[in-house]
Structure formats: C-alpha cells, structure tokens
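Shown next, in structure tokens, is the structure this report addresses.
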Amino acid sequence: MAAVLGAKDAVEWIYRGEGAANLVLAYCGSAPKFVGKVLRIQKVPNNGSECENGHSALTKLECVLWGKFEGIVSAPTRETAEQLYVQKVMCPLLGSEHVDAGIHVLVSREFLEAVEKKVLGQRPSWRVDAAKVNPLCDSVLLIADHSKFPHVSGIFKEDFCVSVEIKPKGGFLPVSEFIAEENAVKKKIIRFKMHQLLKLHQGKIRKISKYDPLDMFSGSKDRVQKAIKSLFLTPQNNFRVFLNGSLAFGGMDGSADSASYTLDQAFLDGLKHIIVAKDGMHIKYFLELIAETIFKSGLLDRLLEVQKLDAIDIEGAIHAYYDIVSQPCMVCREKDGNKLSGRYSSLHSMPRDEKLKIVRDYLISSTAKDLSLMISFRSRGNNLESPYKVVFLESTKQTFDYKASFIDLDMKPLKKMEYYYKLDQQIVSFYVKMVKDKEAIDNEREDEIRCLEDKDLSAFLRLQRNDVSTLSHTSN
C-alpha cells in the first residue's frame, strides 16, 4: 500500500462491470504489479441513505457477531472488515485455492473522481441513477483478474482464454420445522424458480429462466449439463462469457433482463481458438466443457456445504435475530403469538451464543448463495509444465488448463436479516397466489369443458330418442 494512485493513473483502468456495492475496473497498462489485476471500488447510494465517509466500521452488534474471527472487529473501516471476512471466514470454508481476498491499494480523491468521470458513459443508466463512486475512500481492493490466466507469453493461440461466470444460486430445499404451514411449498419448489415468477410480475425480467439450481447441485453429470444449457439459453444475470478478459456474451449491466444475449461473430470466432470442432458444434462442446469441469472438480459440493449452514431457514433465523438486537419479535407479533409460541419458544429460549451462531451461519450462507463462480479455460497443447488443473473433453479429445475462483464474497450486514425475511415471504406468498389462481382458472376450464360435454351428451341422447321414435313410427 506504499504507492498512491492519482488522477493520472485513471487512464490505465477500464470499466469491467459493477454490482450493487462495487465498481470493477480492469488494468490495461504495463506496470507489473497491476498486470492481470482488477480494482473493486466502493460505491455509495445517491440518495445518501448510507454512510458516505468510507470509514464506517462494523456496528456494535456486528462486532459481537464476528468477534470470534481475528482482526475483523478491530478493522478501522468496513471495507477492511469485509476483506478480512473473505480471508478469515470464506477462505477456510471454500478453500484458499479458490478464493482471493485481495490487498488494499491507496488511492487519492482525485483518482476516484477521475475514474467516476471516465466510466460514466459506460455504466448502465439505472446503475448511475442508483449509486456513484465513493470519493471519500482512501483505499480500494486489488484482486486477480479471474477472467484471464496470469503471465501471458504473447503467443495468441496458446494464451487465448475463455472464461465463464456463473451464479449458481441456492442449491437445496429447506427442511426446517420452523417453516410455516402456509409456506410449505418452500420444501418442494426451489426458491430461484419461485422468485422468477415475482420478478416477471415486477417487470424485472421478460422471460422465466429455464435454469434449476437443483440440477446444478445434483451431482449428476446429465443434470449439470442440463443446468449449463439452461443458463446459456436464458442467462439473465446468471451466466456471462469472457474472451481474453472482454465480455463476449451476457449482460454488462448486471441486470436480470439485459438484451446482450445475442451470439455475435466475435464470440463464435473466439470459441474456435479453444474448441476444435466442425462449424456449428463449438457452442455445444463449450457447454459440455463447462459441465465436465463442474462435475469432476467437486467445486459445488463444497459450496453446497456452506449454503447449508442455513439450517433452520430465514423463518427460524429471524427469531434469533430479533432477540440479538433486543427488539420484540415482529414475526410473533404480526401473527397469532399464542398459536406460534410453542413452535418458536425453543428459539427464543436459546442461550445468546446459540442465537448468534444461527444468525452468523445464516449470513455466511447468504454470501454462498449470492456469489459467482468464475472458471477460465485455455488449451493445454504441449505445455506439460503448466501449474493448473486439467480437464479432458471426450467429445473433442482435447485437454484444457482450467482455474476456478469464487468471487463476489460480500459480507452481509446484520440489518439485512429483516429484508431477507420480508423478501422471502413476498416470494412465497406471490408464488402460492399464482398457483391458486392457475388452479382456479384450470378448474373453471374443466367446468366449462364438462358443461359442454354434458350439453353434447344431452343433445346426443335427444338425437338417439328422436331416432328411436322415428324408427318405431316407421315400423308401425
């Protein structure tokens, strides 16, 4: 952190993308210490609802929550605390070989203002309206550019790299006894699918995703392939492809309904540098390569274990949260307290340490459900000295180097527990309503068909009676 980035350094950083909390810039200069790196720069809401000084550390209750992890509580800023969270909490859980906690680099206000001005025209308008670069931060996070292999030698074919970024989402059905009876559908239908209906209703997406996280986490090769194909067909903001570090497929703006899903020629030509196949088969084999790597690497097995730290669902964890923050339990208050007292009394009577563990595990699980998995590939060729893991694609008889990293391991604020609960209830209640409405419509249609069938039968019987009557009259 000795050097300080100034205004003149901004020209060497280009816009890569952004999420809700950070702007991501890729390095395009020649300084060795920055080659193959990206910067994560903190953003701040335009409405000023959050602290804007860049030096807000953890709240007192968050210090209690994360106190068992060395350094997090004593961190001078929240940004430093979040880096230590990745290093101390997520690295041991997901594996240090797949997690990069990064290092802090000092920056001047002039650098941040220059960056803000430079990338303004490249940012999606809705992102610009929502937040801006925080000009009061004195440092930013420097991490590896996981869409590339480091130390490129310059030989195009050998160094050509294709990377895929996937948001796997939550991969299991909850079985918690604390899930209300009216929400029992959560035990049968994965949350991602239910959330799709709500997003469609809200206008956030125009098409329901074909993706099912249960396929991705199934451990079945065929189902993993189905999951990858579904993500490719309906990527939303859950599937992006990079060629040599540049976005080639998927949404730049991070929205769930980007129009950037077309397959341009540059993307197809790029795959030809990686996949040896007949024309028209490169995408098919590329998707097989992704599925083969995920299946054989076991990466999602470890991720699923972390997600399952959410052992009692938000419907259980929210009760522990209200006790931790010393507030009356709003869930018990909004519902029939006497009726629910038996179900949730065990949670409210737990020792404080156990309640802290429930909430802490839920927040860690939330990080694991929201993260992205980045996998980069390059043809191994004759490079037998490569330090990277390999995967063999049977369809093309090729061997590839690959490296995989978990990214976007954001620390979740304690206060988001109430938001998580409200969103969960909104998702489930809307899904249940839609199912009931569909059943009602289906029943009406069945009644109409039955009515028509009854009318047809009556007419048929009348015709039969007429025929019999006519036949009898003729006989006489």
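Among the residues of region 311-333, the ones that are of a type in the set (A, V, I, L, M, F, W, C) and open to solvent by 10 Å² or more (accessible area, probe 1.4 Å) come to 6 in all. Restricting Gly203, Gly170 to residues that are open to solvent by 10 Å² or more (accessible area, probe 1.4 Å) and at positive phi narrows the list to Gly203.
A search for C-beta distances below 8 Å between a residue of region 142-164 that is closer than 17 Å to Asp100 by Cα and any residue that is in a helix (DSSP H, G or I) and at pLDDT below 90, counting only pairs 6+ apart in sequence or on different chains, returns Phe149/Asp159. Is there a residue in region 218-231 that is open to solvent by less than 50 Å² (accessible area, probe 1.4 Å), in a loop (DSSP other than H, G, I, E, B) and at pLDDT 95 or above? Yes. Tell me, please, whether a residue that is part of a loop (DSSP other than H, G, I, E, B), at negative phi, free of Cβ contacts under 8 Å to residues at least 60 places away in the same chain and more than 21 Å from the chain's Cα centre (by Cα) can be found in region 3-14. No, region 3-14 contains no residue that is part of a loop (DSSP other than H, G, I, E, B), at negative phi, free of Cβ contacts under 8 Å to residues at least 60 places away in the same chain and more than 21 Å from the chain's Cα centre (by Cα).
So which residues in region 324-357 are among the charged types (D, E, K, R), at pLDDT below 95 and touching a Phe, Trp or Tyr at 6+ places or on another chain (Cβ under 9 Å), if there are any at all?
Of region 324-357, the ones among the charged types (D, E, K, R) are 333-336, 339, 343, 352-355, 357.
Cutting the leftovers down to at pLDDT below 95 gives us 333-336, 339, 343.
Selection gives Arg343 alone.
How about region 402-424: which of its residues are in a strand (DSSP E or B) and open to solvent by less than 20 Å² (accessible area, probe 1.4 Å)? Selection gives Ala404, Ser405, Phe406. Return the total of residues in region 349-394 being outside any strand (DSSP E or B), farther than 16 Å from Val64 by Cβ and open to solvent by 60 Å² or more (accessible area, probe 1.4 Å). Residues in region 349-394 being outside any strand (DSSP E or B), farther than 16 Å from Val64 by Cβ and open to solvent by 60 Å² or more (accessible area, probe 1.4 Å): 8 in total. Take the residues of region 425-441 that are more than 25 Å from Ile314 (Cβ to Cβ) and open to solvent by 70 Å² or more (accessible area, probe 1.4 Å): which is modelled with the highest pLDDT? In this case the residue turns out to be Lys438. If the condition is being closer than 14 Å to Arg123 by Cα, of a type outside the set (Lys, Arg) and open to solvent by 30 Å² or more (accessible area, probe 1.4 Å), then region 1-18 contributes only Ile14.
Based on this model, can you work out whether Lys193 counts as farther than 22 Å from Ser163 by Cβ and crowded, with 22+ Cβ neighbours inside 10 Å? Before you say what the answer is, go through the steps one by one.
Details: farther than 22 Å from Ser163 by Cβ: yes; crowded, with 22+ Cβ neighbours inside 10 Å: no.
Judged against the criteria, Lys193 is not a match.
On inspection, Gly251 fails the criterion of being closer than 23 Å to Asp145 by Cα and over 19 Å from the mean Cα position of the chain (by Cα). Going residue by residue through region 40-56, is there one that turns out to be at pLDDT 90 or above, more than 22 Å from Asp370 (Cα to Cα) and touching a helix residue (DSSP H, G or I) at 6+ places or on another chain (Cβ under 9 Å)? The answer is no; no qualifying residue exists. When Gln202 is tested against (1) more than 30 Å from Tyr344 (Cβ to Cβ); (2) modelled with pLDDT of 95 or more, only condition (2) is not met. Are any of the residues in region 89-97 buried (at least 17 other Cβ atoms within 10 Å of the Cβ), free of Cβ contacts under 8 Å to residues at least 60 places away in the same chain and out of contact with any Phe, Trp or Tyr (no Cβ under 7 Å at 6 or more places or on another chain)? Scanning region 89-97, I find at least one residue that is buried (at least 17 other Cβ atoms within 10 Å of the Cβ), free of Cβ contacts under 8 Å to residues at least 60 places away in the same chain and out of contact with any Phe, Trp or Tyr (no Cβ under 7 Å at 6 or more places or on another chain), so the answer is yes. Restricting region 279-323 to residues that are acidic (Asp, Glu) and farther than 17 Å from Leu94 by Cβ leaves a set whose member that is modelled with the lowest pLDDT is Asp279.
The values are calculated or read from the model by the stated rules, or taken from the named source; none is laboratory data. None of these values were measured; they are calculated from a predicted model. With ideal geometry, Cβ positions are generated from the backbone for all residues, glycine too; neighbour counts draw on all protein chains shown. Please note that ligands, DNA and RNA were not included when accessible areas were found on the heavy atoms of the full protein model with its side chains. Shrake-Rupley method; radii C 1.70, N 1.55, O 1.52, S 1.80 Å.
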